[in-house]
Amino acid sequence: MRGVVMYAPGDVRVEEREEPQIVEPTDAIVRLAASCICGSDLWPYRGAEAVDHQAMGHEYAGTVEQIGADVRNVKVGDFVVGSFFASDNTCEICQSGYQTHCIHRQPAAATGAQAELVRIALADGTLVATPGQPDPKLIPSLLAASDVLGTGWFAAVAAEVGPGKTVAVVGDGAVGLLGVLAAKQLGADNIIVMSRHADRQALARVFGATDIIEERGDAGVARIKKLTNGLGAHSTIEAVGTQESMMQAIQATRAGGHVGYVGVSHDVELSGEALFFSGVHLHGGPAPVRRFLPDLIQLIWDRKIDPGKVFDLELPLERAAEGYTAMDERRAIKVLLRS
């Protein structure tokens, strides 16, 4: 089969690879209808994380081709979506809604999902079947549910978004934009997005943003305070993972408010004293996408949400390297790959 391998920072290749096989009786093999490039894939691409001949991709949607002997919840022929972390979905941590911290957690798509086929571990607890075979037009949105939609949704939930609240969103990538969609669905009154890019601003407004702020740092915080009677947002979504974005999120949030942080953290350090006196709640980390998948799939199936709009560039799998370059240069929000 064909699959994407990152040899080194900036060196992405599509090559012939062995087809994945059932290894554990809890595994499933899925033929991918589509895969995609994640913003987190850019960290190793840019050299911020070590990488050496790594099979790439952790977002997936497709049809089950094989199942292990112990798999009961999905069957061959099912169209499925799953999370980037595999979970048994039965341990106490999973049952509390934090499947990404399952006591048996492991990468769900260890063989790499930017490929034609992928092996999914712990299939019964990781995969969710759609109500039937999807309309091809729904596949981008179902693929988005595998990570960026579920992550944006968790960020909004972690930030305690709800009716009567003003939400600030730090980060205008796919996760931040889908955090806007989630905030709108959860009933937020006002949604402020921090963005300097016209195409992303436009999509943010489609998803429900009421205000756009281009300033960053102290100036950006001041603008948010001005829009909230000097108090700050009730709920802030942090979807970048840098020191600047985290501090901006905390400082833009009112005392008693909540920050939902889901940007993969890189070199973020928080002052204990500053946090102590901020009065702000922090909650986040790797999103338990599996918790939300059944509801998100149904919303997509019923065409109540269209998160697939974050894919603004579609390429054949063979041109994956072009997709990485486009996202690295911010010429694309998110790239969908089809084999």
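The rows are residues; the columns are (1) in a helix (DSSP H, G or I); (2) of a type in the set (Val, Ile, Thr); (3) modelled with pLDDT of 95 or more.
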| position | (1), (2), (3) |
| --- | --- |
| 230 | no, no, yes |
| 249 | yes, no, yes |
| 277 | yes, no, no |
| 293 | yes, no, yes |
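Since residue 49 meets every condition but one in (1) farther than 24 Å from residue 149 by Cβ; (2) part of a loop (DSSP other than H, G, I, E, B); (3) free of Cβ contacts under 8 Å to residues at least 40 places away in the same chain; (4) of a type outside the set (Gly, Ala, Ser), which condition does it not meet?
(1)
Residues are listed down the side, and each one gets a yes or a no for (1) of a type in the set (Phe, Trp, Tyr); (2) more than 19 Å from residue 246 (Cβ to Cβ); (3) in a loop (DSSP other than H, G, I, E, B); (4) in the same structural domain as residue 159 (by TED's automatic domain parsing):
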site: 176; (1), (2), (3), (4): no, no, no, yes
site: 203; (1), (2), (3), (4): no, yes, no, yes
site: 209; (1), (2), (3), (4): no, yes, yes, yes
site: 212; (1), (2), (3), (4): no, yes, no, yes
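Go over the candidates 241, 187 one by one and state the one that is surrounded by fewer than 17 Cβ atoms within 10 Å (Cβ to Cβ), small (Gly, Ala, Ser) and assigned to a loop (DSSP other than H, G, I, E, B).
187 is the lone residue from the list that is surrounded by fewer than 17 Cβ atoms within 10 Å (Cβ to Cβ), small (Gly, Ala, Ser) and assigned to a loop (DSSP other than H, G, I, E, B).
What's the number of the condition residue 13 fails, among (1) part of a strand (DSSP E or B); (2) buried (at least 16 other Cβ atoms within 10 Å of the Cβ)?
Checking residue 13 against (1) part of a strand (DSSP E or B); (2) buried (at least 16 other Cβ atoms within 10 Å of the Cβ), the one that fails is (2).
Restricting the search to the range 258-277, which residues are at negative phi, of a type outside the set (Val, Ile, Thr) and surrounded by fewer than 20 Cβ atoms within 10 Å (Cβ to Cβ)?
265, 266, 269, 270, 271, 272, 273, 274, 275, 276, 277
Counting only residues that are assigned to a helix (DSSP H, G or I) and of a type in the set (Val, Ile, Thr), which one in the range 295-324 is surrounded by the most Cβ atoms within 10 Å (Cβ to Cβ)?
Only one residue fits best here, namely 310.
Touching a residue at least 12 places away in the same chain (Cβ under 8 Å), part of a loop (DSSP other than H, G, I, E, B) and closer than 24 Å to residue 178 by Cβ, is that true of residue 112?
Yes: the conditions hold for residue 112.
Looking only at residues that are of a type in the set (A, V, I, L, M, F, W, C), over 24 Å from the mean Cα position of the chain (by Cα) and outside any strand (DSSP E or B) in the range 63-99, which one is nearest to residue 298 (Cα to Cα)?
This residue is 76.
As an exercise: evaluate residue 268 against (1) outside any helix (DSSP H, G or I); (2) in contact (Cβ under 8 Å) with a residue 40 or more places away in the chain and give the number of the one condition it does not meet.
Condition not satisfied by residue 268: (2).
Mind listing just one residue for me: the one in the range 159-171 that is within 13 Å of residue 236 (Cα to Cα) and part of a loop (DSSP other than H, G, I, E, B) and, of those, farthest from the chain's Cα centre (by Cα)?
165
Looking at 239, 332, can you tell me which residue is more than 24 Å from residue 133 (Cα to Cα), in the same structural domain as residue 114 (by TED's automatic domain parsing), in contact with a helix residue (DSSP H, G or I) (Cβ under 8 Å, 6 or more places away or on another chain) and not charged (D, E, K, R)?
332
Kindly establish whether residue 124 is part of a loop (DSSP other than H, G, I, E, B) and either of a type in the set (Ser, Thr, Tyr) or modelled with pLDDT of 95 or more (or both).
Here the answer is no, as residue 124 does not meet what is asked.
With respect to the numbered conditions (1) in contact (Cβ under 8 Å) with a residue 24 or more places away in the chain; (2) surrounded by 16 or more Cβ atoms within 10 Å (Cβ to Cβ); (3) not in a helix (DSSP H, G or I), which one is the sole condition not fulfilled by residue 133?
It fails just one condition, (2).
Does residue 287 satisfy the condition of being at pLDDT 95 or above and either within 19 Å of the chain's Cα centre (by Cα) or assigned by TED's automatic domain parsing to the domain that holds residue 206 (or both)?
yes
Taking residue 199 and the conditions (1) buried (at least 24 other Cβ atoms within 10 Å of the Cβ); (2) assigned to a helix (DSSP H, G or I), which numbered condition does it fall short on, given that it satisfies the others?
Evaluating residue 199 over (1) buried (at least 24 other Cβ atoms within 10 Å of the Cβ); (2) assigned to a helix (DSSP H, G or I) leaves (1) as the failure.
The values are calculated or read from the model by the stated rules, or taken from the named source; none is laboratory data. Treat the numbers as computed from the prediction; the structure is a model and nothing was measured. Using ideal geometry, Cβ is built from the backbone for each residue, glycine included, and neighbour counts are taken over all protein chains shown.
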